[in-house]
Amino acid sequence: MGEAQLKFRVKNQIISRTDSFQVVARSHDYLKASFEFITGDWNGINAKTAIFSGTDGKAYVVLLDNNGCCEVPWECIRKQGYMYVSVFGGALITVNRARVFILQTGYVEETENGLDATPDMAEQIMSYFEDTITTVTDNAQIAQEASEEAQGILEQIQTIATSLAEYETRVKEYADAALEYKNLAHEYLGQIQDILNEARGIQDDVSQKSSEVQANADAVATAVEEARSIADKVEQIQTHVDNCKTEIEAQLEEANEIRMAYGDGGTYDDWKD
């Protein structure tokens, strides 16, 4: 639900109403008004004052707050009829009037004698200055607290800056050490590469020697096979010779027996020699 508020827009010296709120007479401490200044000629003017001309024919002035708002004086809406609203400010910038119709109320009890009258301009100005002094005092206290807090933050920043300087020194030392380790790593890498190249050369030599050994082993195996074949042939020849010798000895033995029977009486051994 919307707030009970009259809304006005001010362009240079022309004021216009922008809301559709319906106002009923006899309200108190209820109705508000807000003013929107849309042109640059109102910029920088802190003291802006609204003028409410009520159905009683009197004009009431009310200072606007920093948001351009104020309370509508209850005296202006006591009776049915038209209320006129204007505003001024600065050295003196005035505007025309906006008309607001006040509806007849259903409230009939006469109790307005006990209501507080809307403060006059002097009272509002005094109240404004008192509020301003209070605000300035509060702002001074806030500024003091902010200054102390800023001092604490500055000390923390200085401490952090000192720590950062120490960290920077350490980081530089670590960076130098890392560079040294990098150079050593490159050197070791070169040495390792040389060792690998030498190992590859040795591996190639071993492969070549292994091939030669394998070739020699194959040749030896072939020679061994040939020797075995020759040995087998020799053994066969020896067997054949032995068989021939046995056969010859048998024949000589037989011849010796024949000679003994028919010959000169010599022995087999004499004949054999």
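What follows draws every value from the coordinates through simple rules; no lab data is involved. Everything quoted here is computed from the prediction, not taken from an experiment. For neighbour counting, all protein chains shown are included, and Cβ atoms are generated from backbone atoms with ideal geometry for every residue, glycine included.
Points worth noting:
- If a spin label sat at a point 7 angstrom from the Cα of Asp41 along the line to its beta carbon, the backbone N atoms of segment 1-15 nearer than 16 Å would be those of 9-15.
- Nearest-20 debye value, segment 5-105 charge dipole, Cβ charges on Lys, Arg, Asp, Glu: 300 debye
- Once both labels are positioned 7 Å from their Cα atoms along Cα-to-Cβ, the gap between Val224 and Glu253 label points is 4.3 nm.
- Karplus-derived 3J(HN,Hα), 6.51/-1.76/1.60, for each residue of segment 222-228, Hz, glycine and proline x: 5, 4, 4, 4, 5, 5, 4
- Placing unit charges on each Cβ (+1 for Lys and Arg, -1 for Asp and Glu) gives segment 5-105 a dipole about its Cα centre, and among Phe37, Gln80, Ile93 the Cα reaching farthest toward its positive end belongs to Gln80.
- Projecting label points 7 angstrom from Cα along Cα→Cβ for Asn197 and Ile93 puts them 8.8 nm apart.
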